[in-house]
Amino acid sequence: MDYNKDNSKKQFVKNIIASLLLMFLLLPTAFQFVAIFEKHEHIVCSEQQVHVHKSIVECEICSFQFTPLHYNLVHHNELDVLLIPETTQERAYSLLFHSFTRTNIQLRGPPALS
């Protein structure tokens, strides 16, 4: 019986802390919502000529400077546009022939018997 009382007290304290945290997080939103309607005026324009109205922005969040969330740390070559020439040269046979030439000049180590 004593275990149930301790468990219910802990649950009650957790609920109070969670409620206070939620109120703390939602309080700025509630104040901003009230501030939006605080100085709300609706003026009907009756001028017949072409004119421009001055816009008055009273938004506190507009004065903040946010850092961009996109950081391009690595340049992605696969995203670059590849320009394919209109004329192609058919010389693949000579490249294929030369790529299979076996010489010992390109080897860096000692020759090995295979």
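The values are calculated or read from the model by the stated rules, or taken from the named source; none is laboratory data. All of these numbers come straight from a predicted model, not from anything done at the bench. Glycine gets a Cβ as well: all are built from the backbone with ideal geometry, and neighbour counts include every protein chain shown.
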Filter region 3-58 for residues that are surrounded by 10 or more Cβ atoms within 10 Å (Cβ to Cβ) and assigned to a loop (DSSP other than H, G, I, E, B) and give the result.
none
Take VAL44 and tell me if it is at pLDDT 70 or above and not charged (D, E, K, R).
yes
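Being within 37 Å of the chain's Cα centre (by Cα) and modelled with pLDDT under 85 is the filter here, so list the residues in region 1-32 that pass it.
Within region 1-32, the subset within 37 Å of the chain's Cα centre (by Cα) is 14-32.
Within region 1-32, just GLN32 meets the criteria.
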